[in-house]
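Enquirer: Can you keep this structure in mind? I'll have questions shortly.
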Amino acid sequence: MSIDVHCHHLAFSPKNGGHIHPKFSKSYRIRWYLNAIGVLNWQDAFLGRMPEKERLDERYRELLVARLDASPLGHAVVLAFDGVYDANGFFEPERTAKAVTNDAVIALCKESPKMLFGASVNPLRRDWRYELDKCLDAGAVLVKWLPNVMGFDPGDVRIEPFYQRLRETGTPILMHVGFEYAVPNINIRFSGLDRLEAALRAGVTVIAAHCCGGRIIYDSPSLFRDMRTLVAKYPNLYLDVAALASFHRKSRFLNALRDPLVASRLVFGTDYPIPVHAWAFRKETAGRTIPENYFAKDLFIKEATGLEREALTRGYAPIKKRLLIARPETFHQVV
């Protein structure tokens, strides 16, 4: 049974647990993503016409559930997305490009047995312990961080109690590494490769998103070596392949597949709803029919490029302790 460890929920309306900054909601970037997955038609995307937020949210939920249920995947971790918080730990809507509450994802996960809850808790919020424990009680299998967008440094000493709580509960972090292309960055340094070490040293299992990033289009040999050094040093480090079916991340994907040590830590992820660039993998998929289903297409392209079958199930390993507590029947099926 296979698992996608990196699938995003998206909501626009506060009624549905969403927050989208007005400036970001009008950007071509968000309209392009919504058009690519069928939430927004190309005319509205091109002209900047956005339907009512509630209609967008309903369409997004319907398509996500239908596509996942029709896919060959066993499960997908559906992610919340916390916002930016000020020095006193209060939410800052003006500095937050997008956010989706944990409660919204908890509700969504009830719509499909394939969905697992991925929480998101900014460690600088005043009520982080309450929010984290609430999410764990609700069945969260991991915590999602995008530090350069959420506005905090993973190496900040104030976060050490957060790491301790994650270690105690066997909860991994799915942490973004590298530049963020989909959402405006606040501080790119917060997503540097070196920022992974605080959590790793604390004994927390980390899934580094996008195989630690790399450079756009052309992968950096030095950055790849640095990533490989971390993989060799920390057995609690995994690397997801989310968004690596994109033309600008293909170089990092190919390099990861060629290195036996790095390949042994890869776990499958899509980064739904980020578009899949099938055209960039014409050589790898030549003569074969590419599936239309988003998840099946992403899976097909990555397998055709050389992703091993073990990577499709390896994503259960870092979440197994949480899965046993949250979904024991699922745990016994897959672990």
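Enquirer: Go through the residues of the stretch 320-332 one by one and say whether even a single one is crowded, with 21+ Cβ neighbours inside 10 Å, within 22 Å of E168 (Cβ to Cβ) and in contact (Cβ under 8 Å) with a residue 40 or more places away in the chain.
Expert: Yes.
Enquirer: Could I ask something else about it? Kindly indicate which of A208, A199 is within 22 Å of D259 (Cβ to Cβ), without any contact (Cβ under 8 Å) to a residue 60 or more places away in the chain and small (G, A, S).
Expert: Testing whether each residue is within 22 Å of D259 (Cβ to Cβ), without any contact (Cβ under 8 Å) to a residue 60 or more places away in the chain and small (G, A, S) leaves just A208.
Enquirer: Additional query: I'd like to check which strands (runs of 3 or more DSSP E) are fully inside the stretch 95-173 and have at least 3 residues that are modelled with pLDDT of 95 or more and under 19 Å from the mean Cα position of the chain (by Cα).
Expert: Here the list reads 115-119, 142-145.
Enquirer: Search the stretch 160-172 for residues that are among the basic types (K, R) and pair each with any residue that is crowded, with 18+ Cβ neighbours inside 10 Å when their beta-carbon atoms are under 6 Å apart and the residues are at least 6 apart or on different chains.
Expert: R167/V204
Enquirer: Going by what's in this entry, would A199 be described as more than 16 Å from the chain's Cα centre (by Cα), outside any strand (DSSP E or B) and crowded, with 21+ Cβ neighbours inside 10 Å?
Expert: yes
Enquirer: Write out, first by first residue and then by second, each pair whose Cβ atoms fall under 9 Å of each other, whose residues are 6+ apart or on separate chains, and whose first residue, in the stretch 218-231, is in contact (Cβ under 8 Å) with a residue 12 or more places away in the chain while the second is loosely packed, with under 11 Cβ neighbours inside 10 Å.
Expert: R228/L261; V231/L261
Enquirer: I'd like to check something: does the stretch 60-81 contain any residue that is touching an Asp or Glu at 6+ places or on another chain (Cβ under 9 Å), over 21 Å from N293 (Cα atoms), surrounded by 20 or more Cβ atoms within 10 Å (Cβ to Cβ) and in contact (Cβ under 8 Å) with a residue 40 or more places away in the chain?
Expert: yes
Enquirer: What residue, among those in the stretch 82-93 that are among the aromatic types (F, W, Y) and free of Cβ contacts under 8 Å to residues at least 60 places away in the same chain, is surrounded by the most Cβ atoms within 10 Å (Cβ to Cβ)?
Expert: Per the stated criteria, the residue is F91.
Enquirer: On to the next question. Look at the stretch 177-188 and say how many of its residues are part of a loop (DSSP other than H, G, I, E, B) and either closer than 15 Å to A119 by Cβ or among the hydrophobic types (A, V, I, L, M, F, W, C) (or both).
Expert: Summing the residues that are part of a loop (DSSP other than H, G, I, E, B) and either closer than 15 Å to A119 by Cβ or among the hydrophobic types (A, V, I, L, M, F, W, C) (or both) in the stretch 177-188 gives 5.
Enquirer: Only one residue in A242, A296 is surrounded by fewer than 19 Cβ atoms within 10 Å (Cβ to Cβ) and under 23 Å from A70 (Cβ atoms), so which one is that?
Expert: Just a single option satisfies the conditions, and that option is A296.
Enquirer: Next question. With in contact (Cβ under 8 Å) with a residue 40 or more places away in the chain, surrounded by 14 or more Cβ atoms within 10 Å (Cβ to Cβ) and within 20 Å of I274 (Cβ to Cβ) as the only criterion, which of T101, T96 stands out?
Expert: Step by step, each of T101, T96 is checked, and only T96 is in contact (Cβ under 8 Å) with a residue 40 or more places away in the chain, surrounded by 14 or more Cβ atoms within 10 Å (Cβ to Cβ) and within 20 Å of I274 (Cβ to Cβ).
Enquirer: Using the structure shown, decide if A66 is aliphatic (A, V, I, L, M) and out of contact with any Leu (no Cβ under 9 Å at 6 or more places or on another chain).
Expert: yes
Enquirer: Name the residues in the stretch 1-33 that are farther than 23 Å from A107 by Cβ and basic (K, R), would you?
Expert: K23, K26, R29, R31
Enquirer: Tell me which residues, restricted to the stretch 110-133, are surrounded by fewer than 21 Cβ atoms within 10 Å (Cβ to Cβ) and hydrophobic (A, V, I, L, M, F, W, C).
Expert: W128
Enquirer: Exactly one condition in (1) free of Cβ contacts under 8 Å to residues at least 24 places away in the same chain; (2) closer than 16 Å to I20 by Cα; (3) aromatic (F, W, Y) is false for Y130; which is it?
Expert: (2)
Enquirer: Kindly evaluate V231 against the criterion of being at pLDDT 95 or above and within 17 Å of the chain's Cα centre (by Cα).
Expert: no
Enquirer: For the stretch 1-38, which positions are closer than 26 Å to A140 by Cβ and in a loop (DSSP other than H, G, I, E, B)?
Expert: M1, S2, H9, L10, A11, F12, S13, G17, H21, I37
The values are calculated or read from the model by the stated rules, or taken from the named source; none is laboratory data. Just so you know, these numbers come straight off a predicted model, no measurement behind them. Neighbour counts run over all protein chains shown; Cβ positions are idealised from the backbone, glycine included.
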